[in-house]
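Notes follow the structure.
The values are calculated or read from the model by the stated rules, or taken from the named source; none is laboratory data. Quick caveat: nothing in here was measured; it's all calculated off a predicted structure. Cβ sites come from the backbone with ideal geometry, for glycine too, and all protein chains shown count toward neighbours.
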Amino acid sequence: MTAHHAAPHDAAPNDPTRTDRQVTVRFAATTGGSGPLTRDQDNMIRCVRRDAPEQINKESVWPVPPGATLAAGLEALRALVERHESLRTSFPPGFGPDGFPDSQVVHGSGRFAVTVVEAGGLDDRELDALAAESGRADVAVPVELTAVPRIRFTLLADGPELLRLVAVVCHAGADAAATDLLIQDWYALAAGKELPPVTAPTPIQIAAAERGRRAAAR
């Protein structure tokens with residue numbers, strides 16, 4: 001993982017003393033490609049384009065393993081994005097008059113930004129309140145269909161110590177069941193565990209199977 005640190009900037013309007021920074025995480029997976037949309041992707045994209053971000057995005061605070069470091073947390077996020085193709089999938093504009101996407105692209109490599117908030121000196125109650133506030137503020141910001149991943153991460157840290165992880169998930173990136181799986185994988189990775197290979201069908205494989213069934217039914 002290669003991390004680049006941007007200059008700190010004011011983060012919370014109601015807390016002018018708090019600063020955060022952006023860390024760029026680079027990923028390089030072994031798979032990539034492109035293909036048509038699945039039916040579920042088509043439906044979710046229509047919702048994303050039609051509804052307000054607050055109706056599409058969902059915030060949550062993910063558990064952090066005891067003793068986890070900030071470096072381990074960033075490394076786990078890199079590994080999580082490399083592990084799951086759905087997190088590396090973008091939807092470029094289509095050629096129709098409204099630009100509605102007609103394909104999905106799985107990126108083999110790329111980068112994404114993680115917000116790191118220095119939260120040393122806060123007790124557990126204050127950390128929980130800060131994490132909840134960060135999630136609520138981030139929910140109102142649209143998640144671009146052309147960007148990866150369609151999850152935004154904010155890490156609360158005390159120097160090298162990781163304290164909290166706040167995630168805002170766009171429904172076009174993961175539904176509730178998929179998010180639960182991502183949380184489990186994240187926790188294991190952040191704890192230094194190795195995970196077995198993913199065996200579930202990829203979005204591109206699902207789209208190909210759907211097209212095959214439609215062709216067979218004609």
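For the reader, a short list of remarks on this structure follows.
- Segment 160-218: number of residues that are touching a His at 6+ places or on another chain (Cβ under 9 Å) and over 25 Å from residue 39 (Cα atoms): 1
- Comparison of 117, 105, 64 shows that the only residue that is part of a loop (DSSP other than H, G, I, E, B), among the β-branched types (Val, Ile, Thr) and closer than 21 Å to residue 169 by Cα is 64.
- The residue that is surrounded by the most Cβ atoms within 10 Å (Cβ to Cβ), among those in segment 118-169 that are among the basic types (Lys, Arg) and free of Cβ contacts under 8 Å to residues at least 60 places away in the same chain, is 152.
- Taking the criterion of being loosely packed, with under 15 Cβ neighbours inside 10 Å and either touching a residue at least 40 places away in the same chain (Cβ under 8 Å) or within 28 Å of residue 201 (Cβ to Cβ) (or both), the residues of segment 86-98 that qualify are 92, 93, 94, 95, 96.
To keep it simple, each residue is scored yes or no on (1) at pLDDT 95 or above; (2) in contact with a strand residue (DSSP E or B) (Cβ under 7 Å, 6 or more places away or on another chain); (3) not in a loop (DSSP other than H, G, I, E, B).
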residue	(1), (2), (3)
49	no, no, yes
75	yes, no, yes
82	yes, yes, yes
92	yes, yes, no
96	no, no, no
112	yes, yes, yes
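- Single condition residue 71 does not satisfy, out of (1) over 12 Å from the mean Cα position of the chain (by Cα); (2) aliphatic (A, V, I, L, M); (3) farther than 17 Å from residue 204 by Cα; (4) crowded, with 18+ Cβ neighbours inside 10 Å: (4)
- Search result, residues across segment 176-218 that are without any contact (Cβ under 8 Å) to a residue 12 or more places away in the chain and in a loop (DSSP other than H, G, I, E, B): 193, 194, 196, 197, 199, 200, 201, 218
- Search result, residues across segment 34-45 that are in contact (Cβ under 8 Å) with a residue 24 or more places away in the chain and over 19 Å from the mean Cα position of the chain (by Cα): 34, 35, 36, 37, 38, 39
- Qualifying positions in segment 97-126 - closer than 24 Å to residue 76 by Cβ and among the small types (Gly, Ala, Ser): 108, 109, 110, 113, 119, 120
- Out of 125, 136, 78, one residue alone is of a type in the set (Lys, Arg) and under 27 Å from residue 27 (Cβ atoms). It is 78.
- Answer residue from segment 170-200, given it is among the polar types (S, T, N, Q) and surrounded by fewer than 17 Cβ atoms within 10 Å (Cβ to Cβ) and is farthest from the chain's Cα centre (by Cα) among those: 199
- Number of the condition not met by residue 112 [criteria: (1) aromatic (Phe, Trp, Tyr); (2) farther than 30 Å from residue 210 by Cα; (3) loosely packed, with under 13 Cβ neighbours inside 10 Å]: (3)
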